[in-house]
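Structure first, commentary second.
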Amino acid sequence: MRAMVLDKPTQPLQLRDVPKPKPVSGQLLVRISACAVCRTDFHVVDGELPNPKLPLIPGHQIVGHVEAVGQEANSRFHIGDRVGIPWLGWTDGECPYCRSDRENLCDNARFTGYTIDGGYAEFTVADSRFCFRLPDRYNDIEVAPLLCAGLIGYRSYRKTG
């Protein structure tokens, strides 16, 4: 598959042919149809966030369709479903933060397009626990930015009661 790859912070992204990822237990394989660009993506590429996975496929506001479902993936997803993949890509689920519905503070968290490969590619894999089914009323380009800034606002609103 084709992907934009960051080999080293502060260097331009490189268009490359890379192996298509395969979902492991709990993951979805998603064919990407859109991935918005966030200021955080620039922070990663510009080397302003420490220790990214390298080489890295950036991008964390991903919209696409489920192409395969790994074993033990969340049963609410099926092949063909339209899904969104946000910045928060994995947590341990065991720490005090995770157990108190504050998984965004998990010390072991992994982040899409930073510590795990993201959406500047034709395909990606994602932990099904952190994927969202998306409504049809918004097109891919409209809904992609909501997977970052939109989720931050929504979570804040929900947390205030």
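Quick note: the coordinates plus some simple rules give every number you see, no bench work behind them. Quick caveat: nothing in here was measured; it's all calculated off a predicted structure. Methodologically, a virtual Cβ is constructed for each residue, glycine included, from the backbone with ideal geometry; neighbour enumeration extends over all protein chains shown.
Key figures for this structure:
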{"read-out": "Efficiency of FRET between Val24 and Asn51 - r from beta-carbon atoms, R0 35 angstrom, step 0.05", "value": "0.95"}
{"read-out": "If the convex hull is drawn through the Cα atoms of region 32-96, its volume per residue in Å³", "value": "139 Å³"}
{"read-out": "Reference-scaled alpha-carbon Rg (2.2 N^0.38 Å with N residues) for the chain", "value": "1.00"}
{"read-out": "The chain, relative contact order in percent, only Cα pairs under 8 angstrom and at least six apart counted", "value": "29 percent"}
{"read-out": "10 Å Cβ shell holding at most 14 others, DSSP loop, trypsin sites (Lys or Arg not before Pro): longest site-free stretch of the chain", "value": "1-75"}
{"read-out": "Dipole magnitude of region 2-159 about its Cα centre (Cβ charges: Lys, Arg +1; Asp, Glu -1), debye to nearest 20", "value": "240 debye"}
{"read-out": "Exposure rule at most 13 other beta-carbon atoms within 10 Å, DSSP loop GluC sites (Glu not before Pro): the chain longest free segment", "value": "95-161"}
{"read-out": "Lysine pair number, Cα distance threshold 30 Å (strictly under), the chain, separation 8 or more or different chains", "value": "5"}
